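The values are calculated or read from the model by the stated rules, or taken from the named source; none is laboratory data. Given the structure is predicted, the values throughout are model-derived calculations rather than measurements. A quick note on method: Cβ atoms are made from the backbone with ideal geometry, for glycine too, and the neighbour counts reach across all protein chains shown. Side chains included, ligands, DNA and RNA excluded: accessible areas come from the protein's heavy atoms. Shrake-Rupley method; radii C 1.70, N 1.55, O 1.52, S 1.80 Å.
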Amino acid sequence: MAEYKRPQSEQEFDQNFKQKKPLMNQTEAYMESSRCLFCYDAPCVQACPTHIDIPLFIKQIHTGNAEGAARTIYDMNWMGNACGKVCPTQVLCEGACVFNHQHVKPIEIGRLQNYATNKVMEAGKSLFHSGSPKGKKVAIIGAGPAGISCACELSVLGYSVTIFEAKDKPSGLTVYGTAPYKITNEEALTEMEYLQKQLSFKINYSSPVSNADDLQKLEAEFDAIFLGVGNGPTAALHLPGEDFENVIGAVEFVETLRIQKHRVQVPDRIVVIGGGNTAMDAASESARMGASQVYLAYRRSKEQMGAYWFEYDLAVSAGVKSIFNASPLEILGKDKATGVRFIKTTQENGRIKEVPGSEFVLECDLVIKATGQAKMAEFLTQIKGLELDKSNRILVHPETFQTGNPKYFAGGDAVNGGAEVVNGAFEGKQAARGIHQYLLPHSSYDSKS
Amino acid sequence: MTDLSINFAGIKAPNPFWLASAPPTNSGYQIMKAFEAGWGGAVWKTLGVPVVNVSSRYGGLNYRDTRMSGFTNIELITDRTLADNLREMEEVKKYFPNHAVIASLMVESRREWQQIIKDVENAGADGIELNFGCPHGMCERGMGSAVGQEPTVLKTIVEWVMEAATVPVITKLTPNISDIEDPGLAAVQGGTNAISLINTIKSIIGIDLDTFSPLPAVDGKGTNGGYCGPAVKPIALNMVRQLAQHPEIAGTPISGIGGIETWRDAVEYILLGCTSVQVCTAVMHYGFGIVREMESGLRQFMEDRGFQTIYDFAGKALPNVLEWKDLNLKHKVVASINADKCIGCQLCYIACEDGAHQAIALPQNGQSRVPEIIDENCVGCNLCSLVCPVEACITMEKRDNGKEQLTWDELVAADAAPVTFNDPRAGGNGHFVPEPTQALKKHAS
């Protein structure tokens, strides 16, 4: 029944994870860009968290000025290429395209964006350079979308920036946490390299900042610190049997897949627990790795899933089956998980109620928990004055992204709880401006050239 | 029963769709193929002393992803010998005796004109078209548009032709002249049986941004070409209309040329008085097959309206083309936006705001994106309805009572028209115009 053969080589892996938004050729870009209406106060721009001037870059592409288009994109969003590929454009820019109201296919904004950014990356064309040195040093913890964006913006403004990254690659979840059919590792890393070549920020890899001592050292050496630490590992469900080795977190599953690709061997029967986009990714990916039976189990109804409808559709099209209104009670097995016992649920005033006597068992060889990531509270509480909300998200000023400790700024998943690459990119950039204002309150933002 | 056949100044054809004298009529092979495809007639690529051509020869004007919305060429008349052309013409007439084969001609002396007329008549040509229009190359040698731009010369040559011709003669005019009525009148006075227009417009279609060469480029250089294709239709329609309304020209059959690609284009020409139409660019773009759409559309148009022949509606638009001074100043329309159809692009807003009369407001509630017409500011200019990408979303609603009639002439006669620079009777007086500085406030917020 499997829709996909188990990939035996990187090539077969790539086939199973064929890019959902392949690069446009010149003719495609020309034709597609010609359709843009050039709306006034365009809804696509309003829908973009980074407010890229989309009609402008589309017109620039159409008139053969791909470099100008790329500049328009990067001016607002340092993760311009990654966002074109991994953004849920169906609910952002493309979802806002006025053509939707006419039942005409919206402009393929994401792919056009990639067309422009790829042009400059391919040509190695420098669009930006570091600003004249301001004599101030900023440390950034985490080389994810927020951290990288913050670093780029600060470099342009003339700050000396060092990023401390626990892993050995930049871009955070763009590489480690995104479904492989959205962006390839190579493409994500190419953009990182492209940015680093133009802007002189430093990244220290395999350099986790994890305790009070580390923080103290940074505070002593740097004038400001940006926290782009993201979230932690998959949160515990507190279910019996959760400790079996074949019960894993979705975030970890996706990460292993991104790095090991076809070398990952998935078993035949997999149960994914959760209803968010990560659950959809994990289920989709399990099926694409050749598992013969993949179940997605969510304790509420289909309509209540946090996942975007198109992510769910994608999972279903890969052969994933779904069970709604079923809550896990226990993971069964002796040494290994052999199944999950569920109970059916109904809802009363939004609260889940178990239906007595409705228990059932789904047999499986692997359980993937996609039930949210733990927060970094343990680490964060070591920063004096830093305030967290009750979901352990860092509280920041809405415009400057400054935390309760004036020397610390924060953005990305650690602040928004877990959102898109584009949100991290926006917040990192905003925080850089906040840092600029904090360190040099009398200078303008326009020192960018 | 709908009958598409025509008798154009004595030239009979099964339908009014003719190929214009141009590359598609370069050979008997092409014309035979065209007749098989459904064309009613063909004007043979201009015959004369054969030329030597350059490479390259054509240039296109693209609009967005639309190719060749305008087209230019620097090709000259036939580069094949007269003997070859005549032999093929004879062959075509043998196979298609009921189709119109018209020989386009361009020579210099009276002797040459009268000789070549005999030659093409002997080959079976049903008519002759005098090429007084070609605006590139040939005009440098005193032919083509050089003739069309000199009404007295034109008249003289038409007279030479009329002395010799036994088949109907069509005089083809150049638009590269300040008033098309001058050569039109000269042709009629010279005795022509019919007129065709327009030939191509003198043009530079573009410049290569890397080499700085005009296009099409011939070894890095270029020259003005002859512009045609869909973009020239409005110019041609007006020139056709001018001749069709001229008291001394009206009644002379007119063959309309310029940007005709669909049945709609053809009907417009016919409504302005043409009784045959000629097509070139559309065929160069899509091939002879497009005539099927034209023929079917024309037939449908006629059936829907009960027209038996094209003569039933030829010229029907002419009485409606007036001079500006005769238009009704009391007619008043105001734009109306259909909120159900509006997709919220707000192009109407910005077009009116920046390009017209500041008569459209953005919605204030922050919810909807449907702009609103400010009725009292709207002058009924149409711009919003033109930029709107949704069919029939913005309509122009009639606001006058239909009873009042006042023309400019009447206004002047009643001494009610503005006559001095600061005349309070200025039409825009009292019409809303924002203060200049309001532009800055908007910009700052």
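Considering only segment B:313-332, state which residues are part of a helix (DSSP H, G or I) and either within 14 Å of chain A (Cβ to nearest Cβ) or not aliphatic (A, V, I, L, M) (or both).
Filtering segment B:313-332 down to residues part of a helix (DSSP H, G or I) leaves B:318-320, B:324-326.
Residues satisfying the conditions are B:PRO319, B:ASN320, B:TRP324, B:LYS325, B:ASP326.
Residues to consider are B:GLY344, B:GLY380, B:GLY402; find the one that is open to solvent by less than 70 Å² (accessible area, probe 1.4 Å), away from every other protein chain (no Cβ under 14 Å) and over 32 Å from the mean Cα position of the chain (by Cα).
One residue alone meets the criteria, B:GLY402.
Among residues of segment B:70-85 that are in the same structural domain as B:PRO214 (by TED's automatic domain parsing) and hydroxyl-bearing (Ser, Thr, Tyr), those with a beta-carbon under 7 Å from a residue that is open to solvent by less than 50 Å² (accessible area, probe 1.4 Å) and assigned to a helix (DSSP H, G or I) at least six positions away or on a different chain give the pairs B:THR78/B:ASN85.
When only residues in segment A:170-226 that are of a type in the set (D, E, K, R) and open to solvent by less than 50 Å² (accessible area, probe 1.4 Å) count, which is nearest to A:GLY142 (Cα to Cα)? Before the answer, list the steps.
So the first thing to find is which residues in segment A:170-226 are of a type in the set (D, E, K, R), and the list is A:182, A:186-187, A:191, A:193, A:197, A:202, A:213-214, A:217, A:219, A:221, A:223.
When the remaining residues are screened for being open to solvent by less than 50 Å² (accessible area, probe 1.4 Å), the result is A:182, A:187, A:191, A:214.
On the way: A:LYS182: 22, A:GLU187: 20, A:GLU191: 17, A:ASP214: 14 Å.
The extreme case among them is A:ASP214.
In segment A:19-46, which residues are in contact with a His (Cβ under 7 Å, 6 or more places away or on another chain) and either open to solvent by 80 Å² or more (accessible area, probe 1.4 Å) or within 8 Å of another protein chain (Cβ to nearest Cβ) (or both)?
Our first condition is that a residue be in contact with a His (Cβ under 7 Å, 6 or more places away or on another chain); within segment A:19-46, this holds for A:30, A:33-34, A:45.
Those that are in contact with a His (Cβ under 7 Å, 6 or more places away or on another chain) and either open to solvent by 80 Å² or more (accessible area, probe 1.4 Å) or within 8 Å of another protein chain (Cβ to nearest Cβ) (or both): A:TYR30, A:SER34.
If you go through segment B:347-377 and keep only what is among the hydrophobic types (A, V, I, L, M, F, W, C), more than 10 Å from chain A (Cβ to nearest Cβ) and assigned to a loop (DSSP other than H, G, I, E, B), you end up with B:ALA356, B:ALA359, B:VAL370, B:ILE374. Looking across B:ALA413, B:ALA335, B:ALA417, B:ALA439, one residue alone is surrounded by 18 or more Cβ atoms within 10 Å (Cβ to Cβ), away from chain A (no Cβ under 14 Å) and among the small types (Gly, Ala, Ser). It is B:ALA335. Is there a residue being open to solvent by 70 Å² or more (accessible area, probe 1.4 Å) and within 14 Å of chain A (Cβ to nearest Cβ) anywhere in segment B:85-102? No, because not a single residue in segment B:85-102 is open to solvent by 70 Å² or more (accessible area, probe 1.4 Å) and within 14 Å of chain A (Cβ to nearest Cβ). Residues that are under 29 Å from B:ASN15 (Cα atoms) and either open to solvent by 10 Å² or more (accessible area, probe 1.4 Å) or free of Cβ contacts under 8 Å to residues at least 12 places away in the same chain (or both) within segment B:117-138 comprise B:LYS118, B:ASP119, B:GLU121, B:ASN122, B:GLY124, B:ASP126, B:ASN131, B:CYS134, listed in sequence order.
The set of residues from segment A:273-299 being part of a loop (DSSP other than H, G, I, E, B) and under 10 Å from A:ILE368 (Cβ atoms) comprises just one member, A:GLY274.
Given the condition part of a loop (DSSP other than H, G, I, E, B) and farther than 27 Å from B:ARG57 by Cα, answer yes or no: does some residue in segment B:127-149 qualify? Break it down stepwise before answering.
Initial filter on segment B:127-149 (part of a loop (DSSP other than H, G, I, E, B)): B:132-137, B:142-144, B:149.
Keeping just the survivors that are farther than 27 Å from B:ARG57 by Cα gives none.
No: zero hits.
Within the bounds of segment A:93-115, is there any residue that is modelled with pLDDT of 95 or more, closer than 17 Å to A:PRO145 by Cβ, in a loop (DSSP other than H, G, I, E, B) and away from chain B (no Cβ under 14 Å)? Checking segment A:93-115: not a single residue is modelled with pLDDT of 95 or more, closer than 17 Å to A:PRO145 by Cβ, in a loop (DSSP other than H, G, I, E, B) and away from chain B (no Cβ under 14 Å).
Restricting A:SER126, A:SER132, A:SER155, A:SER160 to those that are of a type in the set (S, T, N, Q) and open to solvent by less than 20 Å² (accessible area, probe 1.4 Å) reduces the list to A:SER155.
Condition check for A:LEU56 on (1) over 21 Å from A:GLU122 (Cα atoms); (2) hydrophobic (A, V, I, L, M, F, W, C); (3) touching a residue at least 24 places away in the same chain (Cβ under 8 Å): one failure, at (3).
The residues of segment B:347-377 that are open to solvent by 50 Å² or more (accessible area, probe 1.4 Å), within 26 Å of A:ARG35 (Cα to Cα) and of a type in the set (Gly, Ala, Ser) amount to a single one, B:GLY355. Would it be correct to say that B:VAL277 is surrounded by 16 or more Cβ atoms within 10 Å (Cβ to Cβ) and part of a helix (DSSP H, G or I)? Here the answer is no, as B:VAL277 does not meet what is asked.
Can you spot a residue in segment A:68-85 that is in contact (Cβ under 8 Å) with a residue 60 or more places away in the chain, open to solvent by less than 60 Å² (accessible area, probe 1.4 Å), in a helix (DSSP H, G or I) and among the charged types (D, E, K, R)? Yes, segment A:68-85 contains at least one residue that is in contact (Cβ under 8 Å) with a residue 60 or more places away in the chain, open to solvent by less than 60 Å² (accessible area, probe 1.4 Å), in a helix (DSSP H, G or I) and among the charged types (D, E, K, R). Which residue is farthest from the other protein chains (Cβ to nearest Cβ), if the candidates are limited to segment B:42-55 and must be surrounded by 15 or more Cβ atoms within 10 Å (Cβ to Cβ) and small (Gly, Ala, Ser)? Filtering segment B:42-55 for residues that are surrounded by 15 or more Cβ atoms within 10 Å (Cβ to Cβ) and small (Gly, Ala, Ser), the one farthest from the other protein chains (Cβ to nearest Cβ) comes out as B:GLY48.
Inspection of segment A:75-86 finds no residue satisfying the criterion of being under 21 Å from B:SER368 (Cα atoms) and more than 9 Å from chain B (Cβ to nearest Cβ).
Mind telling me which of the residues B:GLY59, B:GLY40 ends up being farther than 30 Å from B:ARG305 by Cα, assigned by TED's automatic domain parsing to the domain that holds B:PRO234 and not acidic (Asp, Glu)?
On inspection, the qualifying residue turns out to be B:GLY59.
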